[in-house]
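Below is one structure; the comments refer to it alone.
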Amino acid sequence: GCPVIAAAVDGLPESVAEGITGYTVAPTLPLAEYVGLGGALYGLPAVVYDPGRDALVATPVVDPAALASAVARLFSSAATFEALSARASEHVLGAPSFARHVEDVMAVVDESVAGR
């Protein structure tokens, strides 16, 4: 039930339905600027998938001003936040789960065994 703000890289835009369950922010700064912002490069990937270009690219960084803008947009009104929150809950609860997948597979196995 918590709206999400995420960088628009890798599979995150597929997980965060833009304007429905939260917002994505396109990273536009080079990774070298991350250190200047107080971050550490240890453990960060050299490349990420950019869905907009459908390509692997050198890892970019979200501009803090763009991130702040998304946060301000999220909290621009109680109604906006509540609507995103409700849709986020619906999205997660309606998404396929591994447990549901196992139940579906086992139902097919059970039907097959019962039909023998």
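The values are calculated or read from the model by the stated rules, or taken from the named source; none is laboratory data. Note that the structure is a prediction, hence the values are computed from the model and not measured. Glycine gets a Cβ as well: all are built from the backbone with ideal geometry, and neighbour counts include every protein chain shown. Each accessible area value is taken on the protein alone, full model and side chains, heavy atoms only, with ligands, DNA and RNA left out. Shrake-Rupley method; radii C 1.70, N 1.55, O 1.52, S 1.80 Å.
Quick notes on this one:
- Protection proxy ranking, highest mean first, for peptides 103-115, 10-22: 10-22, 103-115, where packing is the per-residue count of other beta-carbon atoms within 10 Å, averaged.
- Estimated at 0.36 nm per residue, the fully extended path between Ala95 and Val47 surpasses their Cα-Cα distance by 14.5 nm.
- The smallest convex shape that holds all Cα atoms of the range 11-116, its convex hull, gives 161 Å³ per residue.
- Angle between the chain longest axis and helix 64-74 axis [Cα atoms, degrees, rounded to 10]: 50 degrees
- Rounded percent of accessible protein surface that carbon and sulfur make up, the chain, 1.4 Å probe: 63 percent
- For the chain, averaging the sequence separation of C-alpha pairs within contact (under 8 Å, six or more residues apart) and dividing by the residue count gives a relative contact order of 29 percent.
- Net dipole in debye of the chain [+1 Lys, Arg Cβ; -1 Asp, Glu Cβ; about Cα centre; nearest 20]: 180 debye
- Added length on full extension, which subtracts the Cα-Cα distance from 0.36 nm per residue, Glu18 to Asp104: 28.0 nm
- About its Cα centre, the range 55-109 has a charge dipole of approximately 120 debye under the convention of +1 per Lys or Arg Cβ and -1 per Asp or Glu Cβ, with nothing else charged.
- Cα-projected label distance for Ala114 with Val57, points at 7 Å along beta-carbon direction, nm: 5.2 nm
- Solvent exposure of the range 1-87 as accessible area per residue, Å², 1.4 Å probe: 59 Å²
- Note on Ser77 and Ala32: the model spin-label points, each 7 Å out from Cα along the C-beta direction, lie 4.4 nm apart.
- Beta bridges per DSSP, both residues in the chain: antiparallel share near 55 percent.
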